[in-house]
Ligand code: SPV
Ligand code: MN
């Protein structure tokens with residue numbers, strides 16, 4: 001663009017200068033169009049840390065955040081109707097009304113028209129913030145650059161905590177960059193500063209133009225473009241380029257002799273993902289990019305912070321997070337209770353429940369009930385904290401390594417009351433992808449709007465964030481495993497119950513992690529069963545002793561690791577039914593399901609078989 005071009009003409013001089021330093025015309029056009037459409041009174045282009053401080057100040061001044069007692073802590077409230085991801089209001093825009101099975105889509109032209117009208121003049125009287133970020137370590141072959149436009153200082157403040165600011169990278173790489181693009185507006189606000197037109201909340205993902213639009217919402221999962229909105233775009237890039245963009249944590253597990261083994265883990269929201277990542281060396285708790293590099297699979301975390309669920313966090317079960325949330329340092333709390341002394345309280349915090357306070361719904365007091373007489377909890381079950389990775393004592397120094405870390409294993413976790421064993425290793429990549437990852441079912445939680453507890457199909461724990469046909473995605477996964485010797489695949493389930501009671505304690509995950517770590521190095525045996533390789537009782541007894549100092553009885557093992565044959569056969573039927581309705585599924589997929597069914601049938605029609613029968 002020439003300096004005398006029409007584009008960017010309405011932008012103040014300083015913002016204009018900063019944008020012109022990035023020699024990328026597509027970017028200029030995008031920002032120019034956004035300015036004309038949203039009509040802000042001012043444009044602020046953030047170039048780094050100094051500007052990040054101003055954004056935080058703006059969030060406090062505008063009332064989007066308020067200071068709390070502890071230095072660096074702030075509180076943000078979302079509307080009571082805007083407390084979680086809004087599936088119903090989110091869609092992938094596809095041309096000619098194209099549809100994708102199990103994914104909300106919308107005709108692209110129609111969607112763009114609708115969202116354009118919703119964004120028109122939406123920033124009148126407000127500042128438009130423009131931020132540049134690197135998804136992944138700066139200067140890494142894994143990383144992607146993104147630009148976020150928003151009229152919410154809270155959203156930009158969150159992104160400044162959660163992602164690596166990369167204005168400098170954008171300037172350096174200039175014309176060669178294909179930015180992922182995000183526009184967000186809170187829309188009209190009510191007297192408490194919350195998005196008012198929730199019925200007009202829309203989150204539209206346009207893969208063709210790699211742009212995401214979000215309006216009339218503030219909840220981070222709907223508004224923070226670089227998190228789950230970007231995931232819809234990066235899943236597609238990854239498929240085009242032969243890598244994996246996943247809804248996974250990335251952690252290091254310490255093994256014998258000071259060895260560190262890296263694992264990724266895909267879990268549906270609120271199913272133990274963050275708490276697992278905290279049990280070892282932390283690199284990331286939510287997203288991971290995986291690539292083949294010189295014959296091995298390596299991974300990075302595109303994020304630099306944690307947007308985590310706060311409910312239930314206490315000093316005993318989650319000492320690392322609790323420590324971060326109790327110390328001075330940058331932290332945004334959302335939708336928790338603010339106490340009279342400027343502290344915060346959430347359900348499950350190990351402190352006496354306060355008498356009163358203020359939460360997202362206004363004044364709260366102990367015993368407050370809704371119009372049906374049900375008690376209102378002090379904090380929302382999906383209340384969150386936003387903190388930088390750097391605050392965590394267990395952060396692995398490799399988290400910012402541009403070459404990533406070698407992945408030894410990939411875990412898929414489900415919230416399953418009655419079928420899946422606590423931990424299992426797949427026979428091989430294909431078996432794991434088909435019978436564990438693509439077959440994942442889980443109980444719905446408060447992370448999405450809707451009724452919790454129902455069993456939901458959630459392949460790779462990514463269904464909510466998928467923007468391609470499941471048949472293409474699963475085929476891509478199967479092919480990815482052919483790039484060399486792939487990582488081992490494991491399945492875990494922390495939620496197995498009998499007569500309503502959980503069969504495992506929260507800390508048992510430490511033992512499963514230790515077992516997986518040993519398996520990756522060929523140092524633990526396994527029992528071959530129809531559903532995969534189970535731990536041997538003797539190995540678990542030893543690990544329970546050494547890791548947790550606990551006795552692990554044969555009855556525990558028998559109850560937890562029995563093969564629920566009938567339940568597994570029912571599950572295979574459900575999964576086969578689902579995938580049979582999806583065009584283009586590879587034959588290898590159905591073969592692997594059929595083989596598993598055959599192995600289960602060989603057990604002679606029994607409902608359940610003790611793991612000891614296979615030893
Ligand atoms: C999840 O729900 O999986 C999250 C938070 O990690 S959100 O950003 O809402 O998706
Ligand atoms: Mn998540």
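The values are calculated or read from the model by the stated rules, or taken from the named source; none is laboratory data. None of these values were measured; they are calculated from a predicted model. Here Cβ is always computed from backbone atoms with ideal geometry, including for glycine, and neighbour counts include all displayed protein chains.
Yes/no matrix, rows are residues, columns are (1) within 16 Å of ligand 2 (Cβ to nearest atom); (2) in contact with a helix residue (DSSP H, G or I) (Cβ under 8 Å, 6 or more places away or on another chain); (3) outside any loop (DSSP other than H, G, I, E, B); (4) under 18 Å from residue 248 (Cβ atoms):
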{"position": "406", "(1), (2), (3), (4)": "no, no, yes, yes"}
{"position": "409", "(1), (2), (3), (4)": "no, yes, yes, yes"}
{"position": "418", "(1), (2), (3), (4)": "no, yes, no, no"}
{"position": "431", "(1), (2), (3), (4)": "no, yes, yes, no"}
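With respect to the conditions (1) surrounded by fewer than 23 Cβ atoms within 10 Å (Cβ to Cβ); (2) over 21 Å from residue 32 (Cβ atoms), residue 157 falls short on a single one, namely (1). Residues in segment 251-274 that are out of contact with any helix residue (DSSP H, G or I) (no Cβ under 8 Å at 6 or more places or on another chain) and on the phi > 0 side of the Ramachandran plot were compared, and the one that is nearest to ligand 1 (Cβ to nearest atom) is 270. Contact map, segment 218-242: residues that are within 17 Å of residue 81 (Cα to Cα) paired with residues that are near ligand 1 (Cβ under 7 Å from one of its atoms) and assigned to a helix (DSSP H, G or I), Cβ distance under 6 Å, separation 6+ or inter-chain. Pairs shown: 221/228.
Hey, does segment 406-415 have a residue that's over 19 Å from the mean Cα position of the chain (by Cα) and in the same structural domain as residue 595 (by TED's automatic domain parsing)?
yes
Selection of first residues in segment 89-105 that are on the phi > 0 side of the Ramachandran plot and in contact (Cβ under 8 Å) with a residue 60 or more places away in the chain and of second residues that are crowded, with 19+ Cβ neighbours inside 10 Å and not in a helix (DSSP H, G or I), restricted to Cβ pairs under 6 Å at least 6 apart or on distinct chains, gives an empty result. Within segment 206-250, can you find the residues that are in a loop (DSSP other than H, G, I, E, B), within 13 Å of ligand 1 (Cβ to nearest atom) and over 16 Å from residue 78 (Cβ atoms)? The one that is in a loop (DSSP other than H, G, I, E, B), within 13 Å of ligand 1 (Cβ to nearest atom) and over 16 Å from residue 78 (Cβ atoms): 247.
For residue 392, the criteria (1) closer than 16 Å to residue 158 by Cβ; (2) surrounded by 19 or more Cβ atoms within 10 Å (Cβ to Cβ) hold in every case but one, which is (1). Considering each residue of segment 107-125 in turn, at least one proves to be more than 16 Å from ligand 2 (Cβ to nearest atom), part of a strand (DSSP E or B) and either crowded, with 17+ Cβ neighbours inside 10 Å or more than 27 Å from the chain's Cα centre (by Cα) (or both). Restricting 213, 219 to those that are within 16 Å of ligand 2 (Cβ to nearest atom) and over 17 Å from residue 302 (Cα atoms) reduces the list to 219.
Using the structure shown, decide if residue 468 is outside any helix (DSSP H, G or I), more than 16 Å from ligand 1 (Cβ to nearest atom) and touching a strand residue (DSSP E or B) at 6+ places or on another chain (Cβ under 9 Å).
Judged against the criteria, residue 468 is a match.
Among the residues of segment 260-281, those that are outside any loop (DSSP other than H, G, I, E, B), in contact (Cβ under 8 Å) with a residue 40 or more places away in the chain and within 15 Å of ligand 2 (Cβ to nearest atom) comprise 264, 265, 266, 273, 274, 275, 276. Identify all residues within segment 370-389 that are in contact (Cβ under 8 Å) with a residue 12 or more places away in the chain and out of contact with any helix residue (DSSP H, G or I) (no Cβ under 7 Å at 6 or more places or on another chain); write none if there are none. Matches in segment 370-389: 376, 377, 378, 379, 380, 381, 382, 383. Scanning segment 17-53 for residues that are free of Cβ contacts under 8 Å to residues at least 40 places away in the same chain and in contact with a strand residue (DSSP E or B) (Cβ under 8 Å, 6 or more places away or on another chain) returns a single hit, 51. For segment 543-564, filtering for residues that are part of a helix (DSSP H, G or I), free of Cβ contacts under 8 Å to residues at least 60 places away in the same chain and surrounded by fewer than 16 Cβ atoms within 10 Å (Cβ to Cβ) leaves 6. Summed over segment 282-304, the residues that are in contact (Cβ under 8 Å) with a residue 24 or more places away in the chain and either assigned to a loop (DSSP other than H, G, I, E, B) or in the same structural domain as residue 165 (by TED's automatic domain parsing) (or both) give a count of 8. Taking segment 165-189 as the range and being surrounded by fewer than 20 Cβ atoms within 10 Å (Cβ to Cβ) and farther than 17 Å from residue 123 by Cβ as the test, the residues that pass are 168, 169, 171, 172, 173, 174, 175, 176, 178.
Could you list, in sequence order, all residues of segment 565-594 that are more than 19 Å from residue 416 (Cβ to Cβ) and in contact (Cβ under 8 Å) with a residue 12 or more places away in the chain?
Listed by number, the residues that qualify are 581, 582, 583, 584, 585, 586, 588, 589, 590, 592.
Within segment 1-18, is even one residue in a helix (DSSP H, G or I), touching a helix residue (DSSP H, G or I) at 6+ places or on another chain (Cβ under 6 Å) and assigned by TED's automatic domain parsing to the domain that holds residue 219? Among the residues of segment 1-18, not one is in a helix (DSSP H, G or I), touching a helix residue (DSSP H, G or I) at 6+ places or on another chain (Cβ under 6 Å) and assigned by TED's automatic domain parsing to the domain that holds residue 219, which makes the answer no.
Might you check whether a residue that is in a strand (DSSP E or B), within 16 Å of ligand 2 (Cβ to nearest atom) and surrounded by 20 or more Cβ atoms within 10 Å (Cβ to Cβ) occurs anywhere in segment 312-332?
no
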